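The structure appears right after this line, and notes come after that.
The values are calculated or read from the model by the stated rules, or taken from the named source; none is laboratory data. Keep in mind it's a predicted model, so treat the numbers as computed, not measured. A quick note on method: Cβ atoms are made from the backbone with ideal geometry, for glycine too, and the neighbour counts reach across all protein chains shown. Each accessible area value is taken on the protein alone, full model and side chains, heavy atoms only, with ligands, DNA and RNA left out. Shrake-Rupley method; radii C 1.70, N 1.55, O 1.52, S 1.80 Å.
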Amino acid sequence: MDRMLYIAMSAAGQTMAAQAVNSHNLANVSTHGFRADLLEAESLALYGPGQPSRVYSGIKGQAVDFAAGAMVNTGRDLDVAVQGRGWIAVQANDGSEAYTRAGDLHINTTGVLETANGLMVLGNGGPITLPPAEKLEIGADGTISIQPLGQTAATLAVVDRLKLVNPDVGTLVKGPDGLLRARDGIAAAPDAGVRVSAGSLESSNVNAVEEMVKMISLARQFEMQVKMMATAQQDDAAATQIMRIT
C-alpha cells in the first residue's frame, strides 16, 4: 500500500505543477509574442536501505514551445513582427540583455523606444533614443528612419537599427519575467538575416482550446490520484483491523 501511496502522492504533486503551467499559458493566450511553457516530468526510483522498490515522479525541467504564433496586421508604424526565426533584443529590468517576440513598441516621454511592458529596446549602441519626428518607419532589416520635424517626406534620416538576433533556441532559457536569455549569460550577436514586418504583431502561440482540454484532463488526473490516496488509507485501516482480530 505504501507503494501505491508513493505513486499517487508524487503524481498529485506533479499534476499540481502542471496545472500551474497550464493556468499560466491560458493567462497569456492574448499576450503578443508569448511562447507557451512546457513541463517535463520523469519517474525516479526511491533509494534507501534495501532495494529501490519504490518510485515517484519528479520534475525533470521546464521547457519552451518555440512554435511561431499567427501574424496579425495592425497598420501601426511602431508594431513589428519577426518573420520566421529571430528575436528582438531588449534590456530587462535587471539590466541584462534579453529577447522577446513582442513587437508592440512605443516611444516614452524622453524619446526612448520601449516595449509595451516598459522595457528599453536595444539598438546598435544600446537603448534606442529617437528625436521628435513627423513620421517614423521601421525597415525589414530593423532600420529605423524618421522624417525630421519641419522636413518633407523625401528627407528620411536613419537614426538607429533594432538589434535582431537569432541564437540557437537550445541555448535559450526563459526567466520568470517571460523573457528569453542566453543560458551562458553571453549576449547574442546581431544577425543581419533576421527580418521584421512593420505594421504587424505576432500573437501568442498558445492554443486556447488545447489548453482548456488539458486543464480538464489535469483536473481529472488530480481527482483520481487523490482517490487513490484515500483508497490506500482505507486499505491500511482495513488491514490494521484484520490484524487486530487475528
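Here are a few things to note about the model shown:
- Remark: C-alpha extents of segment 1-128 on the principal axes read 67, 30, 26 Å, sorted largest to smallest.
- The listed residues 181, 101, 76, 85 rank as 85, 76, 181, 101 when sorted by accessible area, largest first, using a 1.4 Å probe.
- Within a Gaussian network of the chain (alpha carbon springs, distance under 10 Å), most fluctuating of 84, 150, 123: 150
- Probe 1.4 Å, protein heavy atoms only - accessible area per residue of segment 119-207 in square angstrom: 48
- Cα shape, segment 146-215, gyration tensor, a/c 1.5 rule: oblate
- The value of relative contact order for segment 64-183, using C-alpha pairs under 8 Å at least six residues apart, is 22 percent.
- Between residue 116 and residue 157, the C-beta separation translates, for a Förster distance of 25 Å, into a calculated FRET efficiency of about 0.45.
- For the chain, the relative contact order comes to 27 percent (Cα pairs under 8 Å, sequence separation of at least 6).
- Oblate is the label for segment 184-236. Its Cα gyration tensor axes, ordered a ≥ b ≥ c, give a/c of at least 1.5 and b/c at or above a/b.
- Listed residues 145, 43 arranged by accessible area, highest first, probe 1.4 Å: 43, 145
- The angle between the Cα long axis of helix 208-245 and the main principal axis of the chain comes to about 20°, on a 0 to 90 degree scale.
- Once the Cα atoms are used to define both axes, helix 2-27 deviates from the longest principal axis of the chain by about 20 degrees.
- Against the criterion of solvent-accessible heavy-atom surface with a 1.4 angstrom probe, 149, 44 sort, most first, into 149, 44.
- A DSSP coil position with no more than 12 other Cβ atoms inside 10 Å describes the following chymotrypsin sites (Phe, Trp or Tyr not before Pro) in segment 25-114: 47.
- Evaluated over the Cα positions of segment 46-118, the convex hull gives a direction-averaged projected area, one quarter of its surface, of 9.2 nm².
- The calculated FRET efficiency for residue 224 paired with residue 68, based on their beta-carbon distance and R0 = 30 Å, is about 0.25.
- Global form of the chain, assessed from the alpha-carbon gyration tensor, a/c cut-off 1.5: prolate
- Among 132, 176, 190, residue whose mean-square fluctuation peaks in a GNM of the chain (springs only between Cα atoms under 10 Å): 176
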